[in-house]
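Comments concern the structure below.
The values are calculated or read from the model by the stated rules, or taken from the named source; none is laboratory data. The structure presented is a predicted model; accordingly, all values stated were derived computationally and were not measured. All Cβ positions, glycine included, derive from the backbone under ideal geometry; neighbour counts span all protein chains shown. Side chains are part of the model used for accessible areas, which takes the heavy atoms of the whole protein and leaves out ligands, DNA and RNA. Shrake-Rupley method; radii C 1.70, N 1.55, O 1.52, S 1.80 Å.
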Amino acid sequence: MPMTPLRPYWIPRLAVIVLLAAGAAIPQEKPDRPPWAQKSKSGSGANSNSASSPNSSASSPTGEPGKIVQPTPAGAKDESQDAAAQRGRIRVNVNLVNVLVSVLDEKNRPAPDLPREAFQLFEEGVEQKIDIFEPETSQPLDLALMIDASMSAHKEIIFEQEAAAHFIRQVLRPGDRLSVFSFDEYVHQRAAFSDDVPTLQAAVRKIPDGAGTSIYDAVILGSRALERRGDDRRRVIILVTDAGETTSTYDFEAARKEAVRANALLYTIVIRPVKNESGRNTAGEHALSTMTDTTGGAMFYPDTAQELGAIFDRIDHELRTQYRLAYYPNPRGPANTYRSIVVTVAPANYQVRHRKSYLTGPQ
């Protein structure tokens, strides 16, 4: 029986049928749905694989200015457990402002056992009611130990490494965490936040020589790493450097603001390769002194590398004798503004250090 020729008016209908059949086999995107609800197209496996590794930029073998270069896996399990605990914690007291105060006597020794009545606290010149007073705060520590790995700073590297290793063993108490960083042209995280003393000490002893000195980048990235650790912990940066800033992507003001924003306490140990001011970077020292004072930390200028052990001991002792003052600002400042803080202690012969300002949160 001869076949009936296909009439022209059937052609559009067949095209529609073919398209409908194809649509049943291929997932279609819905323009009215958000991106996360869309189904992936076939053939996009390579892109999806790269997207599944959010830290892929950190794995670059050469690094990138402004980023921490590839954290080592040491302590990663502990850090992930801490992060999970932080995510599960309900945040409260968002308006509470914490101020850590170091009080030294006339011989530069920590002054313990002062009563609440000895302290006055002011914000923008207005006295505040001290709602929380801890004469020896029990808040756990998160410490970023940052070692200058530039060639100019490595004349006394063995003493630096051994003093830092001693500090790690001495400073860590139950609940505390420490991370080891080095910085040259880039900032390298050598060991993630943990309380694993042997691993942390090994990371310090294996810091290699580098070129360049990115001090401001180190302060910014150290502050950001600490800020991710949680609000109910003290954040401390220990910076060991020759103060010879040369290669940072960020500038001084950006680094200072980041440290203030993170409420990080900065202790700076300046290893001076030469004692004569005409032969070293005094501008870098002045910049670090200003930044350190803003956060409420302290500067140290050892004359010999052998003094590093005593300096680390002093920092450890000070961290264990800090006063914690906390208050609800009245009046509360506008959102996202810097507010000045002044703490006084009677009698007046005491030396008082604390952060000089804080950044208000959203209303």
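Below, the figures for the structure above:
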{"item": "Average projected area [Cα convex hull, the range 97-209], square nanometres", "result": "10.3"}
{"item": "FRET efficiency, 1/(1 + (r/R0)^6) with R0 25 Å, evaluated for ARG109 and GLU162 via beta carbons", "result": "0.50"}
{"item": "Compactness of the range 217-363, expressed as Rg and Dmax over alpha-carbon positions, Å", "result": "16.4, 51"}
{"item": "Distance-filtered residues of the range 245-261 - backbone nitrogen under 20 Å, label point 7 angstrom along ARG228 Cα→Cβ", "result": "249-250, 255-261"}
{"item": "Heavy-atom accessible surface of the range 157-217: percent carbon and sulfur, 1.4 Å", "result": "54"}
{"item": "Ranked by how many other beta carbons lie within 10 Å on average, peptides 177-190, 230-243, 101-114 from highest", "result": "177-190, 230-243, 101-114"}
